[in-house]
1. Only one of ILE225, ILE239 is open to solvent by 70 Å² or more (accessible area, probe 1.4 Å), modelled with pLDDT under 95 and under 15 Å from VAL144 (Cα atoms); which?
2. How many residues does region 181-230 contain that are free of Cβ contacts under 8 Å to residues at least 12 places away in the same chain and out of contact with any Ser or Thr (no Cβ under 8 Å at 6 or more places or on another chain)?
3. Could you list, in sequence order, all residues of region 167-193 that are part of a strand (DSSP E or B) and over 19 Å from GLU221 (Cβ atoms)?
4. Restricting attention to region 97-115, which residues are assigned to a strand (DSSP E or B), of a type outside the set (Asp, Glu) and out of contact with any helix residue (DSSP H, G or I) (no Cβ under 8 Å at 6 or more places or on another chain)?
5. Could you grab me the full set of residues in region 59-80 that are surrounded by 15 or more Cβ atoms within 10 Å (Cβ to Cβ) and under 38 Å from the mean Cα position of the chain (by Cα)?
6. Any idea which of ASP113, ASP101 is in contact (Cβ under 8 Å) with a residue 40 or more places away in the chain and either crowded, with 18+ Cβ neighbours inside 10 Å or under 21 Å from GLN21 (Cα atoms) (or both)?
7. Of all residues in region 85-96, count the ones that are outside any strand (DSSP E or B) and farther than 16 Å from VAL109 by Cβ.
8. Picking from GLU177, GLU161, GLU168, which residue would you name as being open to solvent by 30 Å² or more (accessible area, probe 1.4 Å), farther than 23 Å from VAL34 by Cα, acidic (Asp, Glu) and without any contact (Cβ under 8 Å) to a residue 60 or more places away in the chain?
Amino acid sequence: MKFICLTVLIINGATDSRSEQYEVVGPVYPVFAVAGEDVILPCSVKPNINVVDMRVEWNRPNLKDSQLVHLYEDHEDRNTDQIQSYRGRTKLNHQELQRGDASLKLSSVQVSDEGRYKCFIQSKSWSDDATVDFIVEVVGCLPVITVDGFDDSGGLRLQCESEGWNPEPDLEWRNSEGISLSSETTDTHRNTDGFSVKHTITIHHSDKIHCRVRLRHHMLEAVIISSSNMFHLWRASAILFSVVVVLSGFAAVLIAVFVHEYREHNQLQTENRRIKHELDELLQSQKIPKVITHLETDMVVHL
């Protein structure tokens, strides 16, 4: 009789254990939310059994220090060891726990909330967990288009830049017909304020150019209209520059000729003064009358 009772108890325990087995399920794809908004991180059990009497723990497994985001145990929230930045921002719906839903509500999302979360549910005889990847979206600044001058062929160089995004956004150029234009150079970097993107393009005729920065369903746009006057201005500037170069060369030649003539004139005067000085010394040494000296001097000067 005792053997029969023991067998029944073992069978009942095994049956209860199998009936309490469940699977913790999270989302297949990452969860997105804009910074400052509230978000629900999904987590539930299959089958949808009541988990009110179980332990439900949300944590950040990839953090080095404290990992606890929210703890529900013995029918109440116990967040004494909760990460400081999550204080007052997490909530479990206790009524939904009766239907096997242990999703976590996170209020006033911050960029630092981004990362991987683990939802762990434990009963007396069973436990399982699921992971949730969370991405915080930050919409950056309006893109700014600047004109970076003309290239050698007369093309107008345009640069579009936007900063403060998370995650990395896509930047694209389009013309007035909506046709996508390929960027010539791209530059992306990340700092404490998020991602910054900068693309350049060159156009060769007047058009309405759009610079669009996209992040999923968020989009910011800047527009610039390149008029024909811009290209006329470049052509006029090129012609003016050519004229200036020619005139500068001509002026340089004239200056060179003037300097050459001036040097030759100075050399001739110096030579005349030397001859006159030598003749004066010669006449004085031979005591020739001054009249003759003046006559000879005039002859030297005329020579």
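1. ILE225
2. 5
3. THR185, ASP187, HIS189, ARG190, ASN191
4. At the first step, the residues of region 97-115 found to be assigned to a strand (DSSP E or B) are 101, 104-106, 115.
Checking which are of a type outside the set (Asp, Glu) leaves us with 104-106, 115.
Listed by number, the residues that qualify are LEU104, LYS105, GLY115.
5. ASN59, ARG60, GLN67, LEU68, VAL69, HIS70
6. On the way: ASP113 fails: in contact (Cβ under 8 Å) with a residue 40 or more places away in the chain.
Going through ASP113, ASP101 in turn, just one is in contact (Cβ under 8 Å) with a residue 40 or more places away in the chain and either crowded, with 18+ Cβ neighbours inside 10 Å or under 21 Å from GLN21 (Cα atoms) (or both): ASP101.
7. Total meeting the criteria: 4.
8. Selected residue: GLU177, the only one of GLU177, GLU161, GLU168 that is open to solvent by 30 Å² or more (accessible area, probe 1.4 Å), farther than 23 Å from VAL34 by Cα, acidic (Asp, Glu) and without any contact (Cβ under 8 Å) to a residue 60 or more places away in the chain.
The values are calculated or read from the model by the stated rules, or taken from the named source; none is laboratory data. Fair warning: this is a prediction, and the values are worked out from it, not measured in the lab. Positions of Cβ are backbone-derived with ideal geometry, glycine not excepted, and every protein chain shown enters the neighbour counts. Protein only, heavy atoms only, side chains kept; ligands, DNA and RNA dropped before computing areas. Shrake-Rupley method; radii C 1.70, N 1.55, O 1.52, S 1.80 Å.
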